[in-house]
1. Is it fair to say GLU164 is farther than 13 Å from GLY134 by Cβ, at pLDDT below 90, part of a strand (DSSP E or B) and open to solvent by 40 Å² or more (accessible area, probe 1.4 Å)?
2. Given the residues THR123, THR182, THR173, which is the only one that is among the β-branched types (Val, Ile, Thr), at pLDDT below 90 and open to solvent by 10 Å² or more (accessible area, probe 1.4 Å)?
3. Just to be sure, is ARG189 on the phi < 0 side of the Ramachandran plot and touching a residue at least 40 places away in the same chain (Cβ under 8 Å)?
4. Go over the candidates TYR263, TYR199, TYR270 one by one and state the one that is open to solvent by 50 Å² or more (accessible area, probe 1.4 Å), touching a residue at least 60 places away in the same chain (Cβ under 8 Å), over 30 Å from ASN114 (Cβ atoms) and in a loop (DSSP other than H, G, I, E, B).
5. Among the numbered conditions (1) of a type in the set (Lys, Arg); (2) open to solvent by 70 Å² or more (accessible area, probe 1.4 Å); (3) touching a residue at least 60 places away in the same chain (Cβ under 8 Å), tell me where ARG238 comes up short.
6. Can you pull out the residues in the range 225-241 that are touching an Asp or Glu at 6+ places or on another chain (Cβ under 9 Å) and part of a loop (DSSP other than H, G, I, E, B)?
7. For residues that are over 24 Å from the mean Cα position of the chain (by Cα) and either among the acidic types (Asp, Glu) or over 15 Å from TYR81 (Cα atoms) (or both), tally how many sit in the range 219-246.
8. Can you tell me which residue within the range 203-219, out of those that are among the hydrophobic types (A, V, I, L, M, F, W, C) and in a loop (DSSP other than H, G, I, E, B), is surrounded by the fewest Cβ atoms within 10 Å (Cβ to Cβ)?
Amino acid sequence: MLKLCLLTIQVMALMSASVAAAAAASSSSASSSLSTSSSSSSSSPLSRASMKKILAKARKLEENNNGDADQAEMEGFLVDYSLKFMKCIPDQVLTDADYNDHFGVVVFRLCPSNSCSDEEGCTSGYADFAVDVGTYVEAFMEDQQDNMNWDDKFDGEMFGQCVEYEDDDNGETGYYIGPGCTEDGTGVRMAVFEDKYCYQVSETSFETISNGWSLPYTEGGVVSTKCLACMDNDGAVRDMCLDLYDVSPYRCETDFDFDHYYYDNNFEIYRYGKDKTGCTKIEVMQSTKKKAAHGAVWQDLIISVMLLITAAGGFALYTVWWRKQKENLERIDDDDDDESGYHQQDDASNGDGEHDDGELVRNPSDVYQEMEDNKVEGTMA
């Protein structure tokens, strides 16, 4: 409890120092922005991810007297691991430790560094975790800022937040900018949304609402999808690995090689071992995406089979119809041959219309006239 009090005092001191620094900066220059005052190297305000990390540690200290030892043991364990982005699931809702709902989930994996593949991650000795998209983006951007020596004025958290876009002329536009999943779920992109939760992607382009300005990372690439070693160049554990591990509401450590104290939300107690409380949830979130993809594949397959059956049936019907037509044509030809034989006589009967084969074709009108002539002759006799 004493450690908890000390840690809480440290948090309050940091927050007070941050507020004081911001007030001093704003009073010294009326044109200075919030981002400029918050980038002071002596006392910068705590990020959301950092605050969650400290609070998570505080909860551990409250319930477990060996919190510092566990944290040190975890850091020593993560030195040999790498963090691998696995997939982004847009149509899932994740509830964090503060019971806030977030749309869009990132599933990442902690893999042994010696077996982590940039394409597939790893297949043994790993643990899977799920966090909301915004938290993952914030942790990544802060890590890049720390490791790449970016400008202190750069605010990486903005990439992880859902904020309303305001233009210089009209102010609020009713559109929101924030991170979201790419269409194939293999990365994170920036997009324009219709709602303040960054859930409904807008059909209106950013160029339309910004007078031609372009939005970066609209096709993906906001975060790296390759293996990121949890040990930095100085031999220390990256804050990104610790932060994401601490704030992940869902963990599946079935194949993890590390036993530790963890909080079981289902029973609201601390346990020791491998944290498997999030395995079912992570599996369901991933299987929903897979079922949708498999459903689309099966739907396409069924449509293709139906088209093939229809085509085959149509061809069979056409074949039967053609055979009947052919039989009818042959029957008509046979009837024509019979009728032509009726009209053919020997060459000696008369001398009209001789053919090459010596037979004559008798005209029906001529036959009728002959019958009339014979009738008249018989009457006269």
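1. Numbers: farther than 13 Å from GLY134 by Cβ: yes; at pLDDT below 90: no; part of a strand (DSSP E or B): yes; open to solvent by 40 Å² or more (accessible area, probe 1.4 Å): yes.
Judged against the criteria, GLU164 is not a match.
2. Working: THR123 fails: at pLDDT below 90; THR182 fails: at pLDDT below 90.
That would be THR173, the only listed residue that is among the β-branched types (Val, Ile, Thr), at pLDDT below 90 and open to solvent by 10 Å² or more (accessible area, probe 1.4 Å).
3. Working: on the phi < 0 side of the Ramachandran plot: yes; touching a residue at least 40 places away in the same chain (Cβ under 8 Å): no.
No: the conditions fail for ARG189.
4. Numbers: TYR263 fails: in a loop (DSSP other than H, G, I, E, B); TYR270 fails: in a loop (DSSP other than H, G, I, E, B).
Matching residue, one of TYR263, TYR199, TYR270: TYR199.
5. Condition not satisfied by ARG238: (2).
6. Of everything in the range 225-241, those that are touching an Asp or Glu at 6+ places or on another chain (Cβ under 9 Å) and part of a loop (DSSP other than H, G, I, E, B) turn out to be THR225, LYS226, CYS227, CYS230, ASP232, ALA236, ARG238.
7. Residues in the range 219-246 being over 24 Å from the mean Cα position of the chain (by Cα) and either among the acidic types (Asp, Glu) or over 15 Å from TYR81 (Cα atoms) (or both): 5 in total.
8. Going through the range 203-219, the residues among the hydrophobic types (A, V, I, L, M, F, W, C) turn out to be 206, 209, 213, 215.
Going one step further and asking which of them are in a loop (DSSP other than H, G, I, E, B), we end up with 213, 215.
Working: TRP213: 9, LEU215: 16.
Ranking the candidates gives TRP213 first.
The values are calculated or read from the model by the stated rules, or taken from the named source; none is laboratory data. Everything quoted here is computed from the prediction, not taken from an experiment. Ideal geometry is used to build each Cβ from the backbone, glycine not excepted, and the neighbour counts take in all protein chains shown. Side chains included, ligands, DNA and RNA excluded: accessible areas come from the protein's heavy atoms. Shrake-Rupley method; radii C 1.70, N 1.55, O 1.52, S 1.80 Å.
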